[in-house]
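Enquirer: Here it is: the structure, laid out below.
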Amino acid sequence: MHSSSRTLKLLAMLSLASGLLAVQSAAQAAQPEWPTRPVRLVVPFAPGGSNDVIARQLAQSLTDKLGQTVVVENRAGAGGVIGANAVATSTPDGYTFLFTSGSIATSAAVQKTPYDVTKAFAGVSRVATAPFVIITRHDLPAKTVPELVALAKSKPGELNYGSAGLGDSTQMATELFKKAAGIDVQQVGYNGIAPAQLDLQAGRLDLIITTVAAIRGSASDQLPKLAFTTAQRDPAYPDIPTVREAGLDYTVEVWWGVFAPAGTDGAVIKRFNQAIGEVVAEPKFAEFLKQSGAQATPSSPDAMQASLLHDADLWTRTAKELGIQP
């Protein structure tokens with residue numbers, strides 16, 4: 001009797017469990033697959049720079065891949081901090097992401113940001129990496145890195161350079177170059193590298209250190225390119241030397257990637273990471289990056305997050321070494 005009672009209870013419990021699983025499965029099946037509406041991709045710099053150029057190409061391809069519009073929104077200012085903060089404080093619902101470069105780490109190293117860069121974001125995927133290139137105004141009487149160094153040393157504090165703002169990777173890359181070369185060149189900060197390029201074209205700046213992606217298709221692409229900042233020459237520009245060939249211990253490169261606000265559903269991040277990986281693997285996108293002096297380097301969400309944490313530590317230490325205070 002007792003045995004029959006226990007059996008009935010067990011059967012009832014199994015039936016209840018099966019019912020709950022069925023309800024749960026039905027609820028999950030009823031949830032529409034992400035995304036169900038447009039996705040916002042915030043670029044924390046002005047239109048025309050490398051972040052904007054690559055983000056727009058990526059967004060266009062992602063729109064086709066996801067079946068929903070991926071909209072690029074420029075939120076420039078404070079070396080990328082304004083746009084990054086807009087994402088950090090947004091609802092982590094899977095419809096707002098940040099497209100940025102390694103400057104998100106350099107900015108945090110030299111500014112008192114309203115967010116903790118190591119905790120406010122969740123990595124989605126790296127997209128590409130590229131070297132920087134030293135570009136000068138047309139009439140600057142220095143056509144090589146040694147000549148630029150000699151000119152700067154003959155006029156300490158008189159030459160100037162443009163950057164995308166305090167803490168941006170363009171500023172940090174130039175400050176590192178100054179240290180390696182032992183020169184004094186004054187910074188002029190902008191809300192993006194595109195406005196700096198206009199002043200370089202007009203002769204109001206002496207040089208900028210930026211990426212080929214930032215100048216591609218603009219008048220700045222016709223300005224003198226003195227050297228790349230990688231250890232080896234860029235195969236796409238075999239005639240342009242590296243800074244190291246001038247005898248300076250200096251190599252720097254930049255990455256671009258996508259981040260979500262911390263707390264975003266891991267399943268959404270995984271799906272977006274997959275879509276980005278598929279886009280970056282397409283020959284059309286790879287060719288676009290090649291023409292921009294960059295190469296596709298997709299990653300896992302964890303690897304993207306690790307890059308951010310590594311760079312945050314690296315640039316914080318570098319800023320201290322350079323004497324740059326928040």
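Enquirer: Give the shape of segment 171-318 as rounded, prolate or oblate, defined through the alpha-carbon gyration tensor: a ≥ b ≥ c are the square roots of its eigenvalues, a/c under 1.5 means rounded, and otherwise the shape is prolate if a/b is larger than b/c and oblate if not.
Expert: It is prolate, given that a/c is not under 1.5 and a/b is the larger ratio.
Enquirer: Could you identify which residue out of A86, A130, A164 has the top mean-square fluctuation in a GNM of the chain using Cα springs shorter than 10 Å?
Expert: Its mean-square fluctuation being the largest, the pick is A86.
Enquirer: Then there's this: Hey, if you put +1 on the Cβ of every Lys and Arg and -1 on every Asp and Glu Cβ in the chain, which of P283, L41, T136 ends up farthest toward the positive end of that dipole?
Expert: L41
Enquirer: Sticking with this structure for a sec: Given Cβ point charges of +1 (Lys, Arg) and -1 (Asp, Glu) and nothing else, what value in debye, to the nearest 20, does the dipole of segment 133-246 about its Cα centre take?
Expert: The calculation lands at about 120 debye.
Enquirer: Which net charge results for the neighbourhood of H310, defined as the other residues with beta-carbon distances under 14 angstrom from its beta-carbon, given Lys and Arg at +1 and Asp and Glu at -1?
Expert: -2
Enquirer: Using modelled backbone amide H atoms (1.01 Å from N, in-plane), which distant-in-sequence or interchain residues come within less than 5 Å of F45's amide H?
Expert: Distant-sequence amide H within range of F45: R75.
Enquirer: For S125, list long-range residues whose amide hydrogen, built 1.01 Å from N in the peptide plane, is under 5 Å from its own amide hydrogen.
Expert: It is V258, by chain and number.
Enquirer: Right, something else. Tell me the net charge near I193. Cut-off is 10 Å between Cβ atoms, I193 excluded, with +1 for each Lys or Arg and -1 for each Asp or Glu.
Expert: -2
Enquirer: Provide the net charge surrounding G167, with neighbours chosen by a C-beta distance below 14 Å and charges set as Lys +1, Arg +1, Asp -1, Glu -1.
Expert: That works out to -1.
Enquirer: Using Cβ counts within 10 Å as a stand-in for footprinting exposure, how do L309, L289 rank, fewest first?
Expert: Final ranking by Cβ density, sparse to dense: L309, L289.
Enquirer: Multiply the residue separation of E147 and E321 by 0.36 nm, subtract the distance between their alpha-carbon atoms, and state the gained length in nm to one decimal.
Expert: Length gained, E147 through E321: 60.0 nm.
Enquirer: Using 7 Å Cα-to-Cβ label points, what is the K65/D93 separation (nm, one decimal)?
Expert: Rounded to a tenth, the inter-label distance reads 2.4 nm.
Enquirer: Right, next: Below 8 Å between Cα atoms, with a sequence gap of 6+, how large is the relative contact order for segment 169-306 in percent?
Expert: Taking the mean separation of contacting Cα pairs over the length of segment 169-306, I get 20 percent.
Enquirer: Have a look at V110, V149, Q197 and report the one farthest towards the positive end of the charge dipole of the chain, computed about the Cα centre with Cβ charges (Lys/Arg +1, Asp/Glu -1).
Expert: Selected residue: V110.
Enquirer: While we're on this one: Using a 10 Å cut-off around each Cβ, can you sort S307, S218, S50, S107 from fewest to most neighbouring Cβ atoms?
Expert: S218, S307, S107, S50
Enquirer: Oh, and also: Looking at the chain, what % of its DSSP beta bridges pair antiparallel, to the nearest 5?
Expert: 60 percent
Enquirer: Taking percent of Cα pairs over 29 Å apart straight from the coordinates, which label in (i) 41; (ii) 35; (iii) 45 is the correct one?
Expert: (i)
Enquirer: Could you tell me what percent of the DSSP beta bridges with both partners in segment 133-246 are antiparallel, to the nearest 5?
Expert: Restricted to segment 133-246, the bridges split so that about 50 percent are antiparallel.
Enquirer: Restricting to Cα pairs below 8 Å that are 6+ residues apart, what does the relative contact order work out to for the chain? Please round to a whole percent.
Expert: Rounded, it is 26 percent for the chain.
Enquirer: Taking 0.36 nm per residue of sequence separation and subtracting the Cα-Cα distance, how much length would be gained by fully extending the chain between A286 and K155, in nm to one decimal?
Expert: Going from the current span to full extension adds 42.9 nm.
Enquirer: Please identify, among G247, G79, G162, the residue showing maximal mean-square fluctuation in a Gaussian network model of the chain using a 10 angstrom Cα cutoff.
Expert: G247
Enquirer: What helices does the chain have that are whole DSSP H segments, at least 15 Å long along their own axis by Cα, and with mean Kyte-Doolittle hydropathy of -1.0 or more?
Expert: 2-30, 50-66, 169-181, 266-280, 301-322
Enquirer: In whole percent, what relative contact order does segment 133-246 give with Cα contacts below 8 Å and a gap of six or more residues?
Expert: 36 percent.
Enquirer: Cut-off is 10 Å between beta-carbons; in what order do M172, M304 appear when sorted fewest neighbours first?
Expert: Starting with the residue having the fewest Cβ neighbours, the order is M304, M172.
Every number in this text was worked out from the coordinates using simple rules, so none of it is lab data. Predicted model, so just to flag it, every value in this text is computed and none were measured. Cβ: placed from backbone, ideal geometry, glycine included. Neighbour counts: every protein chain shown.
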